[in-house]
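The values are calculated or read from the model by the stated rules, or taken from the named source; none is laboratory data. Keep in mind that what you see is a predicted model, and the values were worked out from it rather than measured. All Cβ positions, even for glycine, are placed from backbone atoms using ideal geometry, and neighbour counts span all protein chains on display.
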Amino acid sequence: EALRVEIDAARRAKEQVTTSLEQVQLECEEVESARDRLLQQLEASTEQLQRVEVDVKRTRLDTETAEEEREHLLADLSKKRTEIDSLKLYRKEAVAQMEVLRQQVLATREETSSISAVLQSAFCSVATVHDALKSMDLQRSQLEALSQNSRAKLNSVLEEPAGSEE
């Protein structure tokens, strides 16, 4: 009778360990799934960051080009002032063009600021995803260790009744 009680207790313990092991395995699968989703988000953020970097480079080139054009127009304007009597119409057009270019430079600067903000946000997102991945890897390692401990306990529980029967 004592042996039967001990066997029943061992079976219950085995069932509890099996249930715990199944729960740990489910949690590991959830962690892996969440890790995969975070990796996909990281890839998407990286791609977005690369696109933003390309846009920033284009904007910088556009800004440099606009600045060069502006400087050229200013030089032309300086020369044209000496011929102001015969070139008044051209001077008005140059001033108007200069204003357009100034507006373009201002707009380009604003766009550069916006892109910088997006880039900073993307860097923050990448850092957040990276931290989450580290945390999930740690949780996965802990769950695997727990799973191995549970298996070892189950094996030792299962081996004990067999030894006591002999």
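The table that follows gives values for the structure above.
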| quantity | calculated |
| --- | --- |
| Verdict on residue 77 being among the aliphatic types (A, V, I, L, M) and touching an Asp or Glu at 6+ places or on another chain (Cβ under 6 Å) | no |
| Checklist (1) of a type in the set (Asp, Glu); (2) farther than 30 Å from residue 149 by Cβ; (3) loosely packed, with under 15 Cβ neighbours inside 10 Å; (4) touching a helix residue (DSSP H, G or I) at 6+ places or on another chain (Cβ under 8 Å) applied to residue 1, failing item | (4) |
| Pick from the range 135-154, criterion loosely packed, with under 13 Cβ neighbours inside 10 Å and among the aliphatic types (A, V, I, L, M), ranking: farthest from the chain's Cα centre (by Cα) | 152 |
| Single condition residue 86 does not satisfy, out of (1) over 36 Å from the mean Cα position of the chain (by Cα); (2) part of a helix (DSSP H, G or I); (3) of a type in the set (Gly, Ala, Ser) | (2) |
| Selection within the range 110-120 - surrounded by 12 or more Cβ atoms within 10 Å (Cβ to Cβ) and charged (D, E, K, R) | 111 |
| Test result for residue 132, among the small types (Gly, Ala, Ser), in contact with a helix residue (DSSP H, G or I) (Cβ under 7 Å, 6 or more places away or on another chain) and either under 30 Å from residue 12 (Cα atoms) or surrounded by 14 or more Cβ atoms within 10 Å (Cβ to Cβ) (or both) | yes |
| Filtered residues of the range 26-52 (kept if surrounded by 15 or more Cβ atoms within 10 Å (Cβ to Cβ), over 13 Å from residue 129 (Cβ atoms) and aliphatic (A, V, I, L, M)) | 31, 52 |
| Residue list for the range 137-162, filter: among the aliphatic types (A, V, I, L, M) and under 11 Å from residue 10 (Cβ atoms) | 154, 157, 158, 162 |
| Selection from the range 53-76 of residues that are farther than 30 Å from residue 130 by Cα, touching a residue at least 40 places away in the same chain (Cβ under 8 Å) and of a type in the set (Val, Ile, Thr) | 63 |
| Among residues of the range 107-159, those that are among the basic types (Lys, Arg) and touching a residue at least 60 places away in the same chain (Cβ under 8 Å), counted | 3 |
| Residue in the range 79-88 that is at pLDDT below 95, more than 26 Å from residue 118 (Cβ to Cβ), loosely packed, with under 12 Cβ neighbours inside 10 Å and among the acidic types (Asp, Glu) present | yes |
| Residue 7, sole failed condition from (1) out of contact with any Pro (no Cβ under 7 Å at 6 or more places or on another chain); (2) under 21 Å from residue 150 (Cβ atoms) | (1) |
